[in-house]
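Each value in this text was obtained by applying a stated rule to the coordinates, not by laboratory testing. The structure presented is a predicted model; accordingly, all values stated were derived computationally and were not measured. Positions of Cβ are generated from backbone atoms using ideal geometry, with glycine treated the same way; all protein chains shown enter the neighbour counts.
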Amino acid sequence: MNRNASPLTNEVPPTDDTPEAIAIEGVDRDKIRRYFETLNAGQFERTSSLFAPQGQLIPPFEEPIVGPEAIAAYLQQEARGMNLRPKRGEITATAGGTEEVKISGEVKTALFTVKVGWLFILERDEQILSVTVKLLASLAELASLRR
């Protein structure tokens with residue numbers, strides 16, 4: 001037994017570099033869970049390492065960010081202080097052998113909370129081919145964010 005582990009559960013307590021665990025109703029893919037956990041912990045290099053070499057992050061209203069190095073740099077600049085809260089999702093196999101994983105939830109920043117949807121495309125080995133991020137807020141909700 002690990003001497004840092006709890007005697008009742010045998011679990012090692014989190015350290016400063018251990019991201020907070022995420023659970024998503026309907027989705028059990030480890031790479032997706034780690035995407036949210038590492039991003040929330042500000043571990044953007046670890047987040048970007050989950051992507052395939054030509055993987056893409058497609059933020060709302062922006063061109064795709066391609067490749068783990070560019071994704072890490074983008075997240076470092078744009079995602080600091082964000083807390084992603086995925087809630088539920090569904091997994092669909094595609095004819096090409098990949099999986100589409102649709103997730104709904106919200107993103108909280110210091111200034112606002114907004115409803116968001118994520119569309120992940122995963123390879124067979126669960127490497128992330130792409131993540132498309134869509135704002136699910138109404139026009140009225142988006143307009144109120146500007147105040």
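Worth a mention:
- Peptides 36-43, 106-113, 72-79, ordered by how many other C-beta atoms sit within 10 Å of their residues on average, highest first, read 36-43, 72-79, 106-113.
- Net +/- balance of residues flanking Gln54 in space, Cβ distance below 13 Å, scoring K and R +1, D and E -1: -2
- 3J(HN,Hα) couplings calculated from phi for region 23-30 with the Karplus curve 6.51 cos²θ - 1.76 cosθ + 1.60 (θ = phi - 60°) are, in sequence order, 10, 10, 4, x, 10, 10, 8, 4 Hz; Gly and Pro show x.
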